[in-house]
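Every number in this text was worked out from the coordinates using simple rules, so none of it is lab data. Remember, predicted model here, so these are calculated numbers, not experimental data. In this analysis, Cβ positions are derived from the backbone assuming ideal geometry, glycine residues included, and neighbour counts consider all displayed protein chains.
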């Protein structure tokens, strides 16, 4: 199980960046080191720009640094040439382009602020890590690899009860699929092998209780989802191996909660006026009812993606 650990990448990445920093200006004894990697017409491309790109490449090994840096440099040269031509065409004055630039600037500043708020979060203690480990056996001590078959069914609420009865009466999932086809009910099928940590946490406990061949039915915005556990195998993880991933998860969880509280305080201390069709009564009605995502058809992840938030 390859649990994500930020610490496992740090030594390699630091070594890569240190190596790349020495790639320029070290060919001859008389040459002085320079931070300029290339000059495109009158504009410089620096080693810092190369390092910034390389820092976002997980798993890059030190021995790959020189080739990777050269490849990144060529891409930065192409990018710089395109930027210069765009400026020649005055595309930077295009209203749509200016809006995109401003949106990118806002996203970068908002993310920088979130990171600043998260700096005050303390590292989880050993007791907290142990408590989380013990509270989530499906992720660790009883971890399994799941072979799942999924049906995403397009259905209206008045069809749900009938579909549940048909699923319960079907001897196999194939029998239920044949029923859907005969009834003209639209659906899509999918099969995948997923480790416990690759499944939604709010669904994992339910799946962990299933035996091979059993199904679970849940409602979705489009209708119903059927998950059948076609098979599984045990692959537990001990505390020592799980610790880095648990620490990272708990830290991120704390940062998210801290940022949420901070944002709530900022809203309370600010004057926010809704205008036009987004007037205060409408906004209040949305916040007081089900989550806005339920009414809009968009989930929070989709909205965050549209805002440029990773």
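Highest mean packing comes first when the peptides 266-272, 179-185, 252-258, 132-138 are listed by Cβ atoms within 10 Å, giving 132-138, 252-258, 179-185, 266-272. Counting neighbouring Cβ atoms within 10 Å and putting the fewest first, the residues 99, 263 line up as 99, 263. Ellipsoid semi-axes for segment 214-279, based on the Cα gyration tensor and the rule √(5λ), read 39, 27, 6 Å when sorted largest first. Per 10 Å bin, what is the whole-percent P(r) computed from every C-alpha pair distance within segment 153-195? With 10 Å bins starting at 0, P(r) equals 24, 55, 19, 2. Here the average projected area of the convex hull drawn through the C-alpha atoms of segment 145-234 stands at 5.7 nm². Here the spin labels are modelled as points 7 Å beyond Cα on the Cα-Cβ line, and at residue 270 and residue 257 they lie 2.4 nm apart. Dividing the convex hull volume of the alpha carbon atoms of segment 168-282 by its residue count gives 190 Å³ per residue. Subtracting the Cα-Cα distance of residue 44 and residue 209 from their residue separation scaled by 0.36 nm leaves 53.5 nm.
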